[in-house]
Every structure is written in C-alpha cells, then in structure tokens.
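The values are calculated or read from the model by the stated rules, or taken from the named source; none is laboratory data. Because the structure is predicted, anything quoted here is derived from the model rather than measured. Virtual Cβ from ideal backbone geometry, glycine too; neighbours counted across all protein chains shown.
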C-alpha cells in the first residue's frame with residue numbers, strides 16, 4: 001500500500017475523493033445509507049480486508065474491522081464516514097484512513113497486538129439525514145431510545161426503521177448492544193480539528209480535553225398563509241418574519257453568554273412560494289455551552305424570546321428538543337497515557353460533538369486532533385496538509401504501540 | 001350539465017377537487033406541466049368539447065376553446081389552472097369553470113354569439129415552477145424575451161425549454177405570437193377576490209379598477225460556511241443572520257411606504273445542515289406598490305439596507321430582478337360597459353397580478369372579482385360561498401350577452 005499519493009493526499013482519502021461530491025453545495029454530501037455512503041462502506045470493507053482484518057457490522061449499522069480475534073476490553077480506534085451536506089473531505093474519513101494506515105505500519109514493522117484491537121466506523125455521526133447526531137454510537141451504548149430512533153424521518157419522510165431495513169439491518173434489533181459495547185476497552189478517535197486551536201498553538205497535533213455540552217432544538221412557527229400582493233402589511237401574521245427575528249435573537253443571546261454558541265443552519269418555509277406569505281416556518285437550533293447548565297439557560301432564554309417575537313407577529317412557536325449531549329471531560333488517566341507516549345502534546349477543548357464523546361459513557365475515550373490550516377469545517381474549505389496528516393498517523397501509531 | 005353539486009361547490013370545481021391535493025402543505029399544488037396540472041388541462045379539453053367548443057393549444061402552452069369559428073377581435077374570457085404551492089381551490093379554476101358554465105347557460109338559452117368568442121386558459125400564471133408569473137400571457141404578448149424564458153429553471157434544474165418540449169411544445173416557437181394576440185378583441189377574467197374588499201363592501205361581485213405595480217427579486221447572500229459548534233460567535237460570517245435581518249428590514253420598509261407590500265415567502269439555505277453555519281442563503285422578495293415609482297423606491301431602499309446588513313455580518317449580497325410588471329389601470333370604456341351591463345357594481349383595486357393585467361398591453365381587459373369570505377388566498381383557507389360563485393356566473397353571463 002502506498003502511504004501517500006501523487007496528489008498530496010493520504011492514500012485512502014484520494015481513493016474516495018470522488019465519492020459523494022456535491023456539485024450544488026460544493027464539498028461532499030455523504031448521508032447515511034445514501035449511494036455515496038454505501039460506496040464508502042464497501043471501500044472500507046475492501047481496504048480492511050486487504051490488511052487481513054475481519055469486518056463485521058453490528059446491529060446498529062456500525063462497522064468493526066478486527067485485527068486478530070475479537071474480544072472484550074479491546075483497543076478501538078476509528079471515526080465515521082458520513083458527512084454533513086456539502087462537508088469537507090476530512091471530517092470523519094481522516095480518522096478512518098489514519099487508523100487503517102497505522103495498522104498497515106504496525107503490520108509492516110512486525111508488531112503483534114497484545115490485546116484485542118479493532119478499527120470502527122460509526123453510523124450517522126453527523127445526523128445529516130435523521131436529525132440526531134452520533135446515532136450509531138448512541139444506540140449501541142444505550143443512550144437513546146430505539147423506539148424514538150426507529151420513528152425518526154428524513155426529509156423525504158422515510159423512517160429510520162425503513163431505511164435501516166433497506167440497508168440490511170433488522171429494525172427490531174436496533175438499540176443497546178451491551179455485548180458490542182463491552183468489547184470497547186478504550187476508544188481513540190483521530191479527527192481533523194474544526195477550529196483554529198492548532199494554528200494558534202503552531203502544532204500539528206493535539207489531544208482533546210473536553211467537548212462542549214450541546215443539543216438540537218426544532219422551532220416550529222405557525223402564522224397565517226396569505227397572498228403576498230393582496231394582503232396589507234398591517235395585521236399580517238407572517239411566521240417567517242417571526243422566525244427571522246428569532247435568528248437574530250439567537251445570535252445575540254449566544255453572544256451574551258461567554259463560551260456559548262448558537263446557530264440556525266436549516267430552515268423550512270411552508271408553502272414556500274415567492275408570492276405567498278408563509279403559513280409555517282420550521283428552523284433548527286444548534287446550541288452549545290461550556291456546561292450543561294449554561295446551555296440549558298441559553299436555550300431557555302432563546303425559547304422565551306422566540307415566544308415573545310412570535311406573539312408580536314401574531315404567530316405561535318413550539319420549541320422541541322431533538323437531541324442533547326452533556327459536556328464531556330475526556331478520561332484523565334487515558335489523556336495522561338497519550339501525553340506521556342507522545343512526549344507532551346497540547347490539549348484542546350472541542351466545540352464539536354464526536355462519537356468519542358458519546359462512548360465516554362461506556363469506556364475511557366480520547367481524541368487526537370490534526371491541524372486544519374483554514375480553521376473551517378463542515379464546509380468545502382476544510383483542509384489538512386499532508387505533513388500534518390502524517391504527523392497525525394505518527395501520533396496514532398505511537399499511541400497504539402503503547403496501548404497494545 | 002348540473003349547475004351545482006351536492007357538495008355545495010360549482011360543478012367543475014368539484015370534478016377537480018381531488019387533483020393536486022397537497023398533503024404536506026394543505027390545499028393544492030398544481031405547478032405547470034406537473035401531473036396534476038396536465039390532468040387539469042385534459043379535464044378542460046373534455047369539458048369544453050362536451051360544450052361543442054373547439055380546443056387548440058397555442059405555441060406558448062395556452063389553451064383556447066372556441067365557440068364557433070376563431071377570428072380576430074374575439075371576446076375572450078378565462079383564467080388559469082395552475083396554483084401556488086399549497087394554494088386554494090378557487091385561484092384560477094374559478095374563472096375557467098365560471099366561463100364554461102356561462103357558455104353552457106348561453107347555449108341552453110339559444111344564444112348565438114355575434115362575434116368570435118373563446119374561453120382561454122393561460123399557462124404558468126403563478127410562476128410557481130419557473131419563478132416568473134404570467135409566463136403564458138407574457139410570451140404570447142411579446143412582453144418577455146423568450147430566450148430568457150427558455151433558460152429559466154425549476155427547483156430540480158429543469159429548463160423551461162426542456163419542460164416545454166416534454167409537454168409537446170417546440171421550444172424554438174416560444175415567444176411573441178401576434179396572430180393569437182390579434183384574436184383578442186377584449187379579455188375578461190373572473191377571479192376569486194384575494195383580500196377583504198368585498199367583505200367590507202358587503203357585495204358578492206366587483207369589477208377591478210387597477211393592479212399594483214409588482215415584481216420579484218432574488219437576494220443572494222454569501223458568507224463563510226463553518227462548523228456550528230467549533231466556531232466562536234465572534235467573527236462569524238453567517239449569511240442566514242444577514243438574510244434574517246433583511247427579512248425584518250423588508251417588512252419595516254414596506255410599512256413605511258403607504259400602499260406598499262413586501263414579502264419574503266421562499267428562502268434557500270446552503271448547505272442546510274443543522275450543525276453547519278451556512279455558506280450562502282438565497283431569499284426571494286415579492287414587492288408591490290401603487291405606482292412603479294413607489295415600488296422602485298421600495299426595492300432600492302431594501303437593496304441598500306440589505307447591502308449594509310450583509311456587510312455588518314461580514315457577508316455580501318447581490319440583488320437581481322426576476323420579473324417586473326407596471327401598475328395597470330383597467331380600460332375605462334370597458335369598465336363602463338361592464339358597470340352599465342351589471343347595473344352598477346363596486347370597483348376594487350387588486351394587489352395581486354393577473355393575466356388580465358399583462359394582456360392590457362394587447363387589448364382592453366377587465367376583471368370580475370367574487371367575494372372571498374376568509375379574505376385569504378394562496379392558502380388552503382381561500383373560499384367562495386356557492387351563492388357568491390353563482391352571482392359571479394350571473395354577472396359573467398350578463399356581461400358576455402352585452403359584449404357578444
């Protein structure tokens with residue numbers, strides 16, 4: 001296996017560089033069980049099998065590539081292959097490709113793992129299709145009700161249960177999987193950094209110290225649809241005006257609470273005609289904070305303001321929580337082992353959620369971040385220099401040698 | 001032919017009451033050359049042929065049902081069959097069904113038209129699929145460049161030219177059709193009222209005096225896409241915040257100019273992920289005013305404010321005109337003839353655009369409005385009581401007798 005390609009991209013990343021390209025949005029759209037995501041799964045299985053790993057799918061759609069016999073208390077590394085709509089090439093795949101590359105290096109050096117070891121790919125990490133992030137790890141770890149997951153629908157109205165069935169899973173078997181969870185002795189996720197931390201630190205690699213508390217909420221505004229030309233401005237009940245004022249209030253509220261973040265990245269207007277005052281508008285809020293308490297306060301304030309703004313526009317709003325993740329402090333002992341194996345690396349807080357955060361409820365977890373020279377993620381501009389991706393693999397290989 | 005149905009709806013309207021129902025939005029979605037709109041065209045042809053009318057399609061997709069031999073200077077009445085997304089049952093079809101019913105009544109009474117007469121159905125009146133309203137009448141009357149129309153695309157990226165070809169038209173023959181236009185001696189459009197004028201006047205029927213100047217503009221905001229969790233609030237370049245602030249500014253500006261109306265009814269967020277700061281947002285502005293000058297001033301002010309708001313958010317905006325219609329004062333002599341035939345009826349200004357407005361450039365045109373007890377249109381709540389629809393047909397029949 002070539003370690004790098006002529007194009008300056010890590011081998012593996014170049015092999016999938018044409019899968020799921022999004023001409024409309026730019027970047028990549030690889031939502032769970034889409035044609036492109038299924039192609040990535042096939043690519044992963046082939047890649048892992050070429051390394052002699054045994055690949056199995058668990059009952060929640062996650063993939064496990066075992067080096068040697070599976071067993072409890074394994075060292076597991078990996079990430080995800082799905083993307084946000086129009087995402088970058090590294091968010092997810094970098095961790096998977098780096099894991100496979102680290103395995104290849106260990107094999108070439110004659111290394112034999114002293115304990116069970118697997119490379120894992122977790123399903124629907126971004127929540128792009130069904131709205132809730134980290135569904136694969138959440139279901140496996142039993143931190144989300146499978147009845148709720150089965151009933152989640154995508155934009156076309158397809159339920160998670162039906163999509164899972166189409167992908168070859170038994171929807172009745174979705175949910176907590178303690179046997180699989182018990183196999184994770186520790187989980188290590190290498191990931192592209194999604195901010196400017198490593199630029200400022202002038203370092204190619206860091207370990208993660210924590211993840212912000214975060215969640216998603218749906219804001220459903222209702223008003224009175226009507227004709228855009230025949231309806232006087234006075235007395236309108238326009239839910240898009242209410243939702244627009246809420247977007248501004250959301251931003252202003254997040255600015256007022258230190259360390260908080262609040263974003264509306266998705267909005268649906270019904271009926272959506274140019275010459276029609278909308279009858280309803282749904283917007284989705286992504287809110288995060290340093291602590292659960294901060295984040296709950298932020299969202300409560302946003303809900304209160306949205307309610308008032310809707311009322312001022314003669315509309316109503318219903319705010320519904322779609323997902324919630326507590327703040328995570330990564331395992332201190334594991335962090336110490338990583339830091340000592342790597343001879344000291346900086347630690348960074350993560351604003352983004354990760355499967356490593358969800359899995360901290362079942363095993364010690366840790367993360368390695370690789371520098372992103374644009375500081376931009378969830379967008380086509382996301383990038384990693386080849387030198388830094390190699391530094392990431394070096395770090396992962398070193399850590400795996402010390403843990404295995 | 002039964003004049004009314006057991007369901008309290010005008011015959012014809014009940015026959016099409018299941019065509020194009022929109023379960024998601026409520027009401028009806030009948031965009032041009034969709035399955036449902038094609039069904040309505042077939043229905044119209046069958047209905048007209050049952051009355052012995054000869055139906056022909058012109059080269060812009062409009063339908064003409066002739067009672068007797070076609071000829072120049074004809075009396076033409078009709079409306080459209082397409083709808084906004086999630087529209088009501090009357091906007092368009094009421095004028096077509098009333099025209100057919102008036103013909104049936106005239107025939108039953110033994111009336112013979114003294115000049116050429118046709119019932120017309122104009123294509124893409126709402127502009128729901130290709131963004132520009134009244135495309136059928138605009139093309140026929142030569143008031144829009146057919147090259148521009150051929151290149152218009154729907155939400156799926158299909159061009160008007162390709163859609164027209166699929167519907168059996170020759171895209172090369174789209175555009176000004178002076179032979180067909182010359183056949184219109186005068187055009188009379190009966191339409192559901194789209195406001196509360198007739199409720200306030202306590203009258204079932206009115207004639208139209210004028211149509212507001214109106215147009216559509218696209219506001220394309222660009223910012224910097226990024227991760228919703230990993231990106232601090234400070235220094236974001238979020239185009240949805242810019243677009244949202246513009247929605248509020250648009251409303252406030254329209255409120256500041258008497259008689260003006262401005263609406264954003266459609267907005268597209270790219271890439272549209274919940275955990276993604278958008279990279280671009282397009283919103284569509286529908287703006288109207290009592291005069292062209294007022295409307296131009298309104299839009300210029302909106303463009304100026306949007307530009308400033310975009311800059312404040314570190315974004316940019318480009319404002320593009322998609323369509324424009326001058327204010328219309330309906331033909332005074334024709335109005336007088338209608339009023340005298342009807343023994344005096346109130347006159348109402350129309351905030352909505354109509355084919356009768358576009359066609360005022362090729363012939364005298366007039367409109368009859370039928371009371372809408374909800375005052376709501378472009379929404380499922382749009383309604384007409386049977387008694388009022390019968391009063392509308394009485395008026396149309398009376399006027400046709402006096403004109404033919």
>> So residue B:259 ticks every box in (1) in contact with a strand residue (DSSP E or B) (Cβ under 8 Å, 6 or more places away or on another chain); (2) at negative phi; (3) more than 7 Å from chain A (Cβ to nearest Cβ) but one. Which box is left unticked?
In response: (2)
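Let's see how each residue does on (1) surrounded by fewer than 17 Cβ atoms within 10 Å (Cβ to Cβ); (2) at pLDDT below 95; (3) under 22 Å from residue A:134 (Cα atoms):
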residue: A:325; (1), (2), (3): no, yes, yes
residue: A:331; (1), (2), (3): no, no, yes
residue: A:338; (1), (2), (3): no, no, no
residue: A:365; (1), (2), (3): no, no, yes
>> Looking at residue B:24 and the list (1) under 23 Å from residue B:130 (Cβ atoms); (2) at pLDDT 95 or above; (3) surrounded by fewer than 15 Cβ atoms within 10 Å (Cβ to Cβ), which single condition is not satisfied?
In response: (2)
> Any idea which residue in region A:2-18 is modelled with the lowest pLDDT, counting only those that are buried (at least 18 other Cβ atoms within 10 Å of the Cβ) and assigned to a loop (DSSP other than H, G, I, E, B)?
Replying inline: A:9
>> As an exercise: evaluate residue A:297 against (1) assigned to a helix (DSSP H, G or I); (2) at positive phi and give the number of the one condition it does not meet.
In response: (2)
> Considering only region A:273-283, how many residues are within 20 Å of residue A:310 (Cβ to Cβ) and surrounded by 21 or more Cβ atoms within 10 Å (Cβ to Cβ)?
Replying inline: 7
> So which of B:287, B:243, B:254 is buried (at least 17 other Cβ atoms within 10 Å of the Cβ), part of a strand (DSSP E or B) and either more than 8 Å from chain A (Cβ to nearest Cβ) or in contact with a helix residue (DSSP H, G or I) (Cβ under 9 Å, 6 or more places away or on another chain) (or both)?
Replying inline: B:287
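For residues that are surrounded by 23 or more Cβ atoms within 10 Å (Cβ to Cβ) and more than 20 Å from residue B:270 (Cβ to Cβ), scanning just region A:230-240, find the one that is farthest from the other protein chains (Cβ to nearest Cβ). Steps first, answer last, please.
The initial filter retains those residues of region A:230-240 that are surrounded by 23 or more Cβ atoms within 10 Å (Cβ to Cβ), namely A:230-231, A:238-240.
Narrowing further to those that are more than 20 Å from residue B:270 (Cβ to Cβ): A:230-231, A:238-239.
On the way: A:230: 4, A:231: 7, A:238: 7, A:239: 11 Å.
The qualifying residue farthest from the other protein chains (Cβ to nearest Cβ) is A:239.
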> With respect to the numbered conditions (1) on the phi > 0 side of the Ramachandran plot; (2) within 14 Å of chain A (Cβ to nearest Cβ); (3) out of contact with any strand residue (DSSP E or B) (no Cβ under 7 Å at 6 or more places or on another chain); (4) at pLDDT below 95, which one is the sole condition not fulfilled by residue B:381?
Replying inline: (1)
>> Under 6 Å between Cβ atoms, which residue pairs at least 6 apart in sequence (or on different chains) link something in region A:29-48 that is within 23 Å of residue A:152 (Cα to Cα) with a partner that is in a helix (DSSP H, G or I)?
In response: A:30/A:36; A:30/A:37; A:33/A:163
> Would you pick out the residues in region B:187-212 that are out of contact with any helix residue (DSSP H, G or I) (no Cβ under 9 Å at 6 or more places or on another chain), within 29 Å of residue B:103 (Cβ to Cβ) and within 12 Å of chain A (Cβ to nearest Cβ)?
Replying inline: B:194, B:195, B:197
> What about residue A:403, is it under 23 Å from the mean Cα position of the chain (by Cα), buried (at least 16 other Cβ atoms within 10 Å of the Cβ) and away from chain B (no Cβ under 14 Å)?
Replying inline: no
>> Would you confirm, using the coordinates I've provided, whether residue B:98 is in the same structural domain as residue B:163 (by TED's automatic domain parsing), without any contact (Cβ under 8 Å) to a residue 12 or more places away in the chain and closer than 20 Å to residue B:188 by Cβ?
In response: no
> Restricting attention to region B:34-53, which residues are under 14 Å from residue B:100 (Cβ atoms) and either not in a helix (DSSP H, G or I) or not assigned by TED's automatic domain parsing to the domain that holds residue B:160 (or both)?
Replying inline: B:51, B:52, B:53
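Table: residues versus (1) touching a strand residue (DSSP E or B) at 6+ places or on another chain (Cβ under 9 Å); (2) closer than 24 Å to residue B:127 by Cα.
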| site | (1), (2) |
| --- | --- |
| B:13 | no, yes |
| B:20 | yes, yes |
| B:23 | no, yes |
| B:34 | no, yes |
| B:53 | yes, no |
| B:57 | yes, yes |
| B:79 | yes, yes |
| B:87 | yes, yes |
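Mind telling me which of the residues A:347, A:311 ends up being away from chain B (no Cβ under 14 Å) and in contact (Cβ under 8 Å) with a residue 40 or more places away in the chain?
Working: A:311 fails: in contact (Cβ under 8 Å) with a residue 40 or more places away in the chain.
Going through A:347, A:311 in turn, the sole match is A:347.
Identify, from the list A:215, A:225, the residue that is touching a residue at least 40 places away in the same chain (Cβ under 8 Å), within 30 Å of residue B:263 (Cβ to Cβ) and within 12 Å of another protein chain (Cβ to nearest Cβ). Break it down stepwise before answering.
Values: A:215 fails: within 30 Å of residue B:263 (Cβ to Cβ).
On inspection, the qualifying residue turns out to be A:225.
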> In this structure, does residue B:354 turn out to be outside the structural domain of residue B:236 (by TED's automatic domain parsing), modelled with pLDDT of 95 or more and closer than 30 Å to residue B:152 by Cβ?
Replying inline: yes
